[in-house]
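The values are calculated or read from the model by the stated rules, or taken from the named source; none is laboratory data. Just so it is clear, the structure is predicted and the values come from calculations on it, not from any experiment. Here the Cβ is made from the backbone with ideal geometry for all residues, glycine too, and neighbour counts use every protein chain on show. Heavy atoms of the whole protein, side chains included, go into the accessibility calculation; ligands, DNA and RNA do not. Shrake-Rupley method; radii C 1.70, N 1.55, O 1.52, S 1.80 Å.
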Amino acid sequence: MKRSNELLPFTSDGCSMSPNGTPKEPEAFLQCCVRHDYHYWQGGTVEQKAGADEELRSCISNASDKKTGDLYWVGVRVGGGPEFKTPFRWGYGWRQHRGYDALSADEEEQVFTKTKDIDWDGIYRSLKK
């Protein structure tokens with residue numbers, strides 16, 4: 001069966017164009033950002049993006065402070081939409097642009113299957129300095 005869209009393997013660049021932590025704890029936000037990338041990789045609805053962005057804000061606020069969490073939240077709200085052709089946009093894991101559409105059954109199956117293949121330790125090793 002030919003798929004209408006193909007999900008590429010998961011990748012993460014950590015906190016994208018922002019620090020992965022603080023000067024004292026340079027990886028303090030790394031887990032938050034990799035989890036956020038996981039949501040962005042698979043994409044979905046505008047409500048799912050809002051939820052992923054709120055989760056990032058909460059995670060970074062807990063790892064640092066509310067001001068920092070809010071700052072990262074503004075960044076992903078403004079620059080993380082699917083309309084941008086960045087490697088970290090919403091739904092970046094799909095070969096073809098898919099916007100804010102809900103995942104189809106085939107797409108959900110691809111997410112499930114590809115998630116099992118993610119080398120989480122390898123991802124974190126590649127992002128740690």
Query - Selection from the stretch 1-33 of residues that are surrounded by 15 or more Cβ atoms within 10 Å (Cβ to Cβ) and closer than 23 Å to Glu109 by Cβ - result: Asn5, Leu7, Phe10, Ser12
Query raised in the report: Does Gly44 satisfy the condition of being out of contact with any Cys (no Cβ under 6 Å at 6 or more places or on another chain), on the phi > 0 side of the Ramachandran plot and either at pLDDT below 95 or surrounded by 15 or more Cβ atoms within 10 Å (Cβ to Cβ) (or both)?
Result: yes
Query - Unique residue being farther than 24 Å from Val111 by Cα and in contact (Cβ under 8 Å) with a residue 40 or more places away in the chain when the list is Tyr100, Tyr40, Tyr92, Tyr72 - result: Tyr72
Report summary line: Selection from the stretch 74-122 of residues open to solvent by 30 Å² or more (accessible area, probe 1.4 Å), in a helix (DSSP H, G or I) and touching a Ser or Thr at 6+ places or on another chain (Cβ under 9 Å) yields Gly75, Asp106
Report task. Assess whether Lys67 counts as being of a type outside the set (S, T, N, Q), part of a helix (DSSP H, G or I), open to solvent by 30 Å² or more (accessible area, probe 1.4 Å) and within 13 Å of Phe10 (Cβ to Cβ). Result -> no
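Which of the residues spanning the stretch 93-116 are among the acidic types (Asp, Glu) and closer than 20 Å to Ser12 by Cβ?
The one that is among the acidic types (Asp, Glu) and closer than 20 Å to Ser12 by Cβ: Glu107.
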